[in-house]
Amino acid sequence: MNAKFDALAKKAVELGAADARLLPADAIVFDPRSFLKCRFGCNRYGRFWTCPPNLNLSPERFMAAFERYRTALMIQSPDPKISQEVTLAIEKEAMLAQGCMFAFGLALCVQCETCAFPEPCNFPHLARPAMDAYGVDIGKTVEALGFQVTFDPEGKLLPAWYSMVLID
């Protein structure tokens with residue numbers, strides 16, 4: 001792992017993340033069943049610009065770009081708003097301070113209480129797709145880092161939200 005990225009993990013915690021850990025990009029687990037859960041298990045499907053089928057980047061094009069990344073920072077946050085804010089800040093920090101011009105964050109977009117879809121996005125510079133929108137098996141990926149995805153009896157994610165910044 002690249003030691004220069006350790007500062008990004010520390011910065012994520014300073015910004016409000018509960019924890020942040022680096023992992024090799026090839027350790028990120030993809031599972032096509034994630035697309036099924038997006039389509040048939042999520043009330044955001046088809047209603048948000050950052051969710052399928054409204055993503056303007058196909059899974060194939062995403063994977064072509066993803067294959068060029070070597071490192072990722074997995075961010076654990078106490079709620080989705082903090083998750084999105086920290087992810088965007090770390091993406092920017094990676095670009096400006098680390099020279100990673102193609103740093104890219106993936107975080108459930110909660111910028112607006114109600115998405116403007118189908119009208120144009122109000123904050124396209126802040127909107128990012130969630131990891132599962134592109135087939136990431138979040139549970140398996142974070143498990144290797146010692147994190148755990150847990151749900152309450154109503155299916156709400158507890159106690160943490162996960163996001164990721166791809167860096168090179």
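Quickly run through region 44-66 and pick out the residues that are surrounded by fewer than 19 Cβ atoms within 10 Å (Cβ to Cβ), under 16 Å from the mean Cα position of the chain (by Cα) and outside any helix (DSSP H, G or I).
44, 55, 57, listed by residue number.
With the structure loaded, tell me whether residue 31 is in contact with a strand residue (DSSP E or B) (Cβ under 7 Å, 6 or more places away or on another chain), of a type in the set (Asp, Glu) and either at pLDDT 95 or above or closer than 21 Å to residue 155 by Cα (or both) or whether it fails that test.
no
Collect the residues in region 19-43 that are part of a loop (DSSP other than H, G, I, E, B) and within 15 Å of the chain's Cα centre (by Cα), keeping them in residue-number order. Before the answer, list the steps.
Filtering region 19-43 for residues part of a loop (DSSP other than H, G, I, E, B) gives 28-29, 31-32, 42-43.
28, 29, listed by residue number.
Determine whether region 90-111 contains at least one residue that is within 21 Å of residue 54 (Cα to Cα), of a type in the set (D, E, K, R), touching a residue at least 60 places away in the same chain (Cβ under 8 Å) and touching a strand residue (DSSP E or B) at 6+ places or on another chain (Cβ under 7 Å).
First, pick out the residues of region 90-111 that are within 21 Å of residue 54 (Cα to Cα): 104-111.
Restricting the remaining residues to those that are of a type in the set (D, E, K, R) gives none.
Checked region 90-111: no residue is within 21 Å of residue 54 (Cα to Cα), of a type in the set (D, E, K, R), touching a residue at least 60 places away in the same chain (Cβ under 8 Å) and touching a strand residue (DSSP E or B) at 6+ places or on another chain (Cβ under 7 Å).
One line per residue, one yes/no per condition, for (1) at pLDDT below 95; (2) farther than 17 Å from residue 138 by Cβ; (3) surrounded by fewer than 16 Cβ atoms within 10 Å (Cβ to Cβ):
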{"residue": "38", "(1), (2), (3)": "yes, no, no"}
{"residue": "42", "(1), (2), (3)": "yes, no, no"}
{"residue": "93", "(1), (2), (3)": "no, yes, no"}
{"residue": "99", "(1), (2), (3)": "yes, yes, yes"}
{"residue": "107", "(1), (2), (3)": "no, no, no"}
{"residue": "112", "(1), (2), (3)": "yes, yes, yes"}
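Please verify whether region 53-70 includes one or more residues that are closer than 22 Å to residue 15 by Cα, modelled with pLDDT of 95 or more and of a type outside the set (Lys, Arg).
Just the residues of region 53-70 that are closer than 22 Å to residue 15 by Cα, to begin with: none.
No, region 53-70 contains no residue that is closer than 22 Å to residue 15 by Cα, modelled with pLDDT of 95 or more and of a type outside the set (Lys, Arg).
Looking only at region 129-168, which residues are touching a helix residue (DSSP H, G or I) at 6+ places or on another chain (Cβ under 7 Å), touching a residue at least 60 places away in the same chain (Cβ under 8 Å), closer than 20 Å to residue 18 by Cα and assigned to a loop (DSSP other than H, G, I, E, B)?
144
Being over 20 Å from residue 18 (Cβ atoms) and assigned to a loop (DSSP other than H, G, I, E, B) is the filter here, so list the residues in region 72-108 that pass it.
97, 98, 99, 100, 101, 102, 103
Given the structure, is residue 128 among the basic types (Lys, Arg), within 15 Å of the chain's Cα centre (by Cα) and either buried (at least 16 other Cβ atoms within 10 Å of the Cβ) or closer than 17 Å to residue 28 by Cα (or both)? Even if it seems obvious, please write down each step before you answer.
Numbers: among the basic types (Lys, Arg): yes; within 15 Å of the chain's Cα centre (by Cα): yes; either buried (at least 16 other Cβ atoms within 10 Å of the Cβ) or closer than 17 Å to residue 28 by Cα (or both): yes.
Yes, satisfied.
The values are calculated or read from the model by the stated rules, or taken from the named source; none is laboratory data. The shown structure was predicted, so the numbers you read here are calculated from the model rather than taken from an experiment. Methodologically, a virtual Cβ is constructed for each residue, glycine included, from the backbone with ideal geometry; neighbour enumeration extends over all protein chains shown.
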